[in-house]
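The values are calculated or read from the model by the stated rules, or taken from the named source; none is laboratory data. Just so you know, these numbers come straight off a predicted model, no measurement behind them. Every residue, glycine among them, receives a Cβ derived from its backbone with ideal geometry; neighbour counts consider all protein chains shown. Protein only, heavy atoms only, side chains kept; ligands, DNA and RNA dropped before computing areas. Shrake-Rupley method; radii C 1.70, N 1.55, O 1.52, S 1.80 Å.
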Amino acid sequence: MEASKELSRSPLTFVPEKNKYIVAEFVDSLLGALRQILDFHITFMVPVPDHILNLHEGVKSISILLHVKQENFNALPDKMKDHIGVVIIDLGIVICSISVNEIKHGLAKGTDLAISRLVKELQFVMQEVAQTHPPSSSSLRFPRTNELGSIDFFLENLQEIATSEAGSIASPKDQIQIIQEDLLFLRSFLQKIAKQRNQNVKFQALWDGAMEVAYKAEFVIDSVALGDRLECLDTVAGDIKHTKTEALKVSDSIRNDDEAQRVANNSIHFKSQLSTLALNEVLVGLDEEVKTIADGLTRGSNQLDIVSIVGMAGLGKTTLANTIYHHPSILGHFHFRAWCTISQVYSKQNLLVQILSSSGSGSHDQYIKMHEDDLVVTLFQLLKRNRYVIILDDVWDIGAWNLLERSLPNDANGSRILFTSRIENLSLQFKSNSKSHHLCHLSGKECLELLLRKIFGKEDCPPTLIKVLMQVANKCKGLPHTVVIFAGILSRIEPDCWQEFADSLNSNTSNSTEPLELSYIHLPEYLKPCLLYIGAFREDQDIPVRKLSWLWISEGFVQKIEGKSLDDVAEDYLKDLIGRSLVMVTEQRTLAGAKICRLHDLVHEFVVAKAKKESFLQISYGSNDLLQISNWGDDLSTSTGPSPHRLCMHSMSGKELEMSRPFFPRLRCLLSFGYACTDSEELHDGPFWFLKSKLLRVLDFRDMRISCNFPSELLLLVHLRYLAISLWYSASIPSAIDNLSRLHTFLVGGNAVAGLPNTIWNIKTLRHLRRTELPDLGGSTLRYQKNRKILKKLPTIRRLKCVHADGGKRTGILKLDSLNQLESLQLHRFYGCKFEFPMNLKKLTLSRNKWSWSEISTIGKLPNLEVLKLLKKSFMGEKWEMQEGEFSNLRFLELSTLNLCSWTAYNSDKFSRLEKLVLHSCLLLEDVPLCLGESTTIEMIEVENCCNSLVSSVEQIQQEQLEMGNQDLKVVITRAI
């Protein structure tokens, strides 16, 4: 107030630098005061009037004008500068006069009117600024990716509102129906001009206008559901009606072009190698390198040695390292193998977690909860007295090695470090005499060979296509990564378009971004947001495919296709991206499909830049980034306002979040990965400033601990479709969770002992529910009656995992046979319990149930069972004798940590479809059924930590298969640590 009075004593001029800085600091203090007001509204759960939000945005725009956009401010007439000064003084008086009582119970009418007037003044000011410096088309702040798909998603939501029960969604449905009808017309119009708009300025302007009013309408209607902006519906409806009128004027002149698109979105008709979800890439011209490096790792000095693979981006360093990592000589020589991707942004904890979890000694979730010092001790003890090889991929500096070196013992037993890098002389910093392998560019002939193998696999290429493929190969400049990207494009367009594609390539394809830009252009529109979304994850981050598909579905990227579930469609999308070599598979499912994926570093760099350019996604690595993002979209003249649509934060501490306190009222998606919890914050609730973003559809804060009360503000986020949180200690889920009536996916982690409230089953839209570390479905002990009631509420469930609390012996039968759509089931620690299984079951995983082998016949009669994993103590006893008519469709079998001595099967019918057998730590088992040698389908047998006689029997099976002509049977025998 004092500052405001001082500024108002004399006419305000901004010419002197002194006054400008005083005013800028004053505006910043007003911005802080407004943030406190918004915090109070969150605390008291009073709806925030819309013009308070707009006032915050307006003051923020003035602050940016004075601090960041000074050239825009200097270009204003002195009269406008003085007008800004008067507005700032009025702002100070109004903001500082708002009482706590008003904040708690609602603003007085006079205050409300004063704020409304100031908002209009601020809008007028920013419009004047926009006239001096008009925003370019690129400054439009709504996402520019798959825009028609986003309208389709909005129309689906409008249909949901139109058909919802009265009172369930607070919206005037008559007005919304009119908006829906006009948007349907605009959607049809935009489809017609989609191919012509880039060549027609008027069409482009109509397109941009239609998209802007659609995004504005979505924002306003979703705000109405929160009790805000009701008065804006008329304005939005008018804007859409006006845009429709403009479209009608030109609709007759639109060329009705129904000619089939020459560049097809579907793959070509011959089988492509790209459709195979293989972990190991095709290598061309590197066979000698593989042998040399593998020999160097397994021979030579007993001292810990360091070997490097260096070369420019796209030469195949990671592919080569991955091939060596899985080479038979490496598997048989080292007790311990681990893979760690470094990249440019890393932390010691992240590196340790990667090494430990990739070694198979424990899960990522297990290690991520441990303190950094404990991780160091765990890794050191695990490696001590064992011969190990660790791959450090994509190293940019010596810092990562400095963080890890003391965790790696040197027992003079031949352990090795292999790293890849773009930096030529980095190996000398690791070790003065370390061995470096410099990758060279491929020859034109080798590029062609790789291109043929990626597109055709083992099939022959038609001779008529060789010439054009040679032309493409010559444009790859010897870079395998470019070859793979071009192969991905060619496999998705018709062969008669290949020459046109080859002619479009210029001589600068050695620039790593150009092939990726071409690949992006050739993507179907519906796949573009799916690819850009993966950029939210770190470059070195393994991404669970299931989680990624749930996020895609919640964001509305996945189209509805009759006869297919959304999960299946999302899986098809991912297969397409993998087939185009834009996404890599790092772990496969038991039989088919991808389980874990990630992006190549070049693709990740491209995707992050493209997502930012198209206003699709903003990424923050610290408080400074958040500040810049807060300043992004600083123009009140754009209807979407100064708020990003999606935001991802990496490795930020609670202190950083508290200090920055950004405010994004139009935020739709907030992801936080690697939240850094300090010791002082570890047992306390994290900062929940983001809950003021009430339009959120996706919120993933699994890495932030909620250790006390469940944030009641979360229950106000009624648009949430995806929610991932972590509850610790006394935190519990309140019964009011069913307020989130649109929730599709609810993932709860942490060690809180409280179960799920019964009201969770009232959420009719819930598709995926995961509560990790819960004792069991029903509470602290198994309650069959209660579980039956729960399961009846889940008739369409496809995957279910049940864990008994204490594993003590129980009696009774749990009936699961009514779950007709259940495909995957895990049962752990159900000693003494019996089950009735659904006939549709395809995958079954068991552990610690201590059942008798005589009971396995019930499982063997399941007609659709394809995957069976019998893990530690799932069955007890020395003998398993397979009976007639059992396991007729079994394709994968794993036996792990069992006390089994004898396993017999008397004919090969038991293995008529078996493709993979895994035997792990079955120390007493002496052999496998000999009739396995007669199987015509077996592809792989893995043996780890088993006795020599069992290894001999497996080798005998391999010999029998060779005699039958099966050259492709892969047998992997791994010694234990």
What are the residues in the stretch 219-253 that are open to solvent by less than 50 Å² (accessible area, probe 1.4 Å), at pLDDT 70 or above and either among the small types (Gly, Ala, Ser) or over 17 Å from residue 178 (Cα atoms) (or both), if any?
-> 223, 225, 226, 237, 238, 247, 250, 251
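Kindly establish whether residue 93 is farther than 15 Å from residue 127 by Cα, open to solvent by 20 Å² or more (accessible area, probe 1.4 Å) and at pLDDT 80 or above. Steps first, please.
Working: farther than 15 Å from residue 127 by Cα: yes; open to solvent by 20 Å² or more (accessible area, probe 1.4 Å): yes; at pLDDT 80 or above: yes.
Judged against the criteria, residue 93 is a match.
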Being charged (D, E, K, R) and at pLDDT 70 or above narrows 121, 102 down to just 121
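Those residues that are out of contact with any Ser or Thr (no Cβ under 7 Å at 6 or more places or on another chain) and in contact (Cβ under 8 Å) with a residue 24 or more places away in the chain, I need them from the stretch 379-388; list them, please. Please lay out each step first, then the result.
If we filter the stretch 379-388 for residues that are out of contact with any Ser or Thr (no Cβ under 7 Å at 6 or more places or on another chain), which is where we start, we get 381, 383-386.
Matches in the stretch 379-388: 383, 384, 385, 386.
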Within the stretch 965-974, tally of residues that are touching an Asp or Glu at 6+ places or on another chain (Cβ under 8 Å) and either more than 17 Å from residue 911 (Cβ to Cβ) or free of Cβ contacts under 8 Å to residues at least 24 places away in the same chain (or both) = 3
Among (1) on the phi < 0 side of the Ramachandran plot; (2) modelled with pLDDT under 80; (3) open to solvent by 50 Å² or more (accessible area, probe 1.4 Å), residue 773 falls short only on (1)
So which residues in the stretch 369-387 are open to solvent by 60 Å² or more (accessible area, probe 1.4 Å) and more than 23 Å from the chain's Cα centre (by Cα)?
-> 371, 372, 373, 374, 377, 380, 381, 384, 385
Among residues belonging to the stretch 335-363 that are aliphatic (A, V, I, L, M) and not in a strand (DSSP E or B), point out the one that is surrounded by the fewest Cβ atoms within 10 Å (Cβ to Cβ).
-> 345
Criterion: touching a Phe, Trp or Tyr at 6+ places or on another chain (Cβ under 7 Å) and without any contact (Cβ under 8 Å) to a residue 60 or more places away in the chain - qualifying residue of 885, 860 | 860
Filter result for residue 695 (in a loop (DSSP other than H, G, I, E, B), free of Cβ contacts under 8 Å to residues at least 24 places away in the same chain and open to solvent by less than 30 Å² (accessible area, probe 1.4 Å)) | no
Considering only residues that are of a type in the set (S, T, N, Q) and either open to solvent by 40 Å² or more (accessible area, probe 1.4 Å) or at positive phi (or both), look in the stretch 583-611 and name the one that is nearest to the chain's Cα centre (by Cα).
-> 586
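In this structure, does residue 366 turn out to be free of Cβ contacts under 8 Å to residues at least 40 places away in the same chain and exposed (fewer than 14 other Cβ atoms within 10 Å of the Cβ)? Don't jump to the end; show me each part of the working.
On the way: free of Cβ contacts under 8 Å to residues at least 40 places away in the same chain: yes; exposed (fewer than 14 other Cβ atoms within 10 Å of the Cβ): yes.
So residue 366 passes the test.
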Restricting the search to the stretch 388-424, which residues are open to solvent by 10 Å² or more (accessible area, probe 1.4 Å) and in a loop (DSSP other than H, G, I, E, B)?
-> 396, 397, 398, 408, 410, 411, 412, 413, 422, 423, 424
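Does residue 271 fit the bill of being modelled with pLDDT of 85 or more and either open to solvent by 20 Å² or more (accessible area, probe 1.4 Å) or part of a helix (DSSP H, G or I) (or both)?
Details: modelled with pLDDT of 85 or more: no; either open to solvent by 20 Å² or more (accessible area, probe 1.4 Å) or part of a helix (DSSP H, G or I) (or both): yes.
Criteria not met by residue 271.
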Could you check, for the stretch 556-564, whether at least one of its residues is open to solvent by 50 Å² or more (accessible area, probe 1.4 Å), of a type in the set (A, V, I, L, M) and more than 30 Å from residue 467 (Cα to Cα)?
-> yes
Given the conditions (1) in contact (Cβ under 8 Å) with a residue 24 or more places away in the chain; (2) farther than 30 Å from residue 598 by Cβ; (3) open to solvent by 10 Å² or more (accessible area, probe 1.4 Å), which single one is not true for residue 497?
-> (3)
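Can you find a residue that is assigned to a loop (DSSP other than H, G, I, E, B), in contact (Cβ under 8 Å) with a residue 40 or more places away in the chain and not hydrophobic (A, V, I, L, M, F, W, C) anywhere in the stretch 943-958? Steps first, answer last, please.
Residues of the stretch 943-958 assigned to a loop (DSSP other than H, G, I, E, B): 945-947.
Of the ones still in play, those that are also in contact (Cβ under 8 Å) with a residue 40 or more places away in the chain are none.
Scanning the stretch 943-958 turns up no residue that is assigned to a loop (DSSP other than H, G, I, E, B), in contact (Cβ under 8 Å) with a residue 40 or more places away in the chain and not hydrophobic (A, V, I, L, M, F, W, C).
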Residue pairs within 8 Å by beta carbon, gap of at least six or interchain, first lying in the stretch 440-468 and without any contact (Cβ under 8 Å) to a residue 40 or more places away in the chain and assigned to a helix (DSSP H, G or I), second of a type in the set (Phe, Trp, Tyr) and open to solvent by less than 30 Å² (accessible area, probe 1.4 Å), listed first then second, are 451/486; 465/498; 468/498
Return yes when residue 580 is more than 28 Å from residue 699 (Cβ to Cβ), buried (at least 22 other Cβ atoms within 10 Å of the Cβ) and touching a residue at least 60 places away in the same chain (Cβ under 8 Å) and no when it is not.
-> yes
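Take the residues of the stretch 430-467 that are charged (D, E, K, R) and more than 22 Å from residue 314 (Cβ to Cβ): which is surrounded by the most Cβ atoms within 10 Å (Cβ to Cβ)? Step through it out loud before you land on a result.
Restricting attention to the stretch 430-467, the residues satisfying the condition of being charged (D, E, K, R) are 431, 435, 445-446, 449, 453-454, 458-460, 467.
Filter again for more than 22 Å from residue 314 (Cβ to Cβ), leaving 431, 435, 458-460, 467.
On the way: 431: 15, 435: 17, 458: 7, 459: 12, 460: 8, 467: 11.
For the stretch 430-467, the residue satisfying everything is 435.
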Within the stretch 159-181, the residues that are over 33 Å from the mean Cα position of the chain (by Cα), open to solvent by 70 Å² or more (accessible area, probe 1.4 Å) and at pLDDT 70 or above are 174, 177, 178, 181
Report yes if some residue within the stretch 626-641 is crowded, with 19+ Cβ neighbours inside 10 Å, modelled with pLDDT of 85 or more, in contact with a helix residue (DSSP H, G or I) (Cβ under 7 Å, 6 or more places away or on another chain) and more than 30 Å from residue 891 (Cβ to Cβ); otherwise report no.
-> no
